[in-house]
Amino acid sequence: MNLYLRYFDREILVTNVDDAIAFLAEIDEIGMNPALERDIRDYAASDVLYPKRYKVRPRIYFIIIKTEAATMQDFKEKKAIHTVVGEGAKPVAPVLVRLNEERYGWYEGTIDFKRVQLVPGTGKFQYRDTHFMACCKAESGLDCYNRIVDHLSQRVDPRSQFPSAKGKNFRFRYLGDCK
């Protein structure tokens, strides 16, 4: 697995940890030390696939990303995107792929949104976190989301705020074929 490192406009794609540490040591602002070197080696050796960000000073960071890309161009064009595979598990598809996957049938959709409601004692309005779940016929997860939002938008205050279909406040699962 290769490592992509970036600090402002300086970036590099290396094949081993020693090259990454040498690149960072050339940048005076980073201040390479044994503790930082040990942490970078631990990150490179671990199974963690998430990018790692290191603080240089307040609001200034450099990042390290593990990648399968062989060249910088492949990395930039996202040709080496990997899916996470556990023991005996199926590969986990990116959220957008699952959301747009066309599979007609019954879906159970759950949405957490900000609903505008009148406070009885004061006559003022406030946002309240609201949890809503529905089963509906849909062609995809995105269609399920759109049907739920259309249903709710006709029944709640128009100032209510609905989350993105791609975010953590919308979940869905395919229940099965419909006849």
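The values are calculated or read from the model by the stated rules, or taken from the named source; none is laboratory data. Just so it is clear, the structure is predicted and the values come from calculations on it, not from any experiment. Because the Cβ atoms are built from the backbone with ideal geometry, glycine has one as well, and the counts that use them run over all protein chains shown. In case anyone asks, the SASA skips ligands and DNA or RNA and just uses the protein heavy atoms, side chains included. Shrake-Rupley method; radii C 1.70, N 1.55, O 1.52, S 1.80 Å.
Results, tabulated for the structure shown:
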| item | result |
| --- | --- |
| Looking only at segment 49-90, and only at residues there that are hydroxyl-bearing (Ser, Thr, Tyr) and either at pLDDT 80 or above or in a strand (DSSP E or B) (or both), the one that is nearest to the chain's Cα centre (by Cα) | 50 |
| Any pair with Cβ under 7 angstrom, 6 or more apart, that starts in segment 146-175 at a residue that is more than 13 Å from residue 131 (Cβ to Cβ) and ends at one that is surrounded by fewer than 17 Cβ atoms within 10 Å (Cβ to Cβ) and modelled with pLDDT under 90 | 166/95; 166/96; 174/103 |
| Test result for residue 12, surrounded by 12 or more Cβ atoms within 10 Å (Cβ to Cβ) and within 20 Å of residue 76 (Cα to Cα) | yes |
| Matching residues, segment 163-179, being within 16 Å of the chain's Cα centre (by Cα) and part of a loop (DSSP other than H, G, I, E, B) | 163, 164, 165, 166, 167, 168, 169 |
| Among (1) open to solvent by less than 70 Å² (accessible area, probe 1.4 Å); (2) among the polar types (S, T, N, Q); (3) without any contact (Cβ under 8 Å) to a residue 60 or more places away in the chain, the one test that residue 2 misses | (3) |
| Subset tally (residues that are open to solvent by less than 70 Å² (accessible area, probe 1.4 Å) and under 17 Å from residue 164 (Cβ atoms)) for segment 107-134 | 7 |
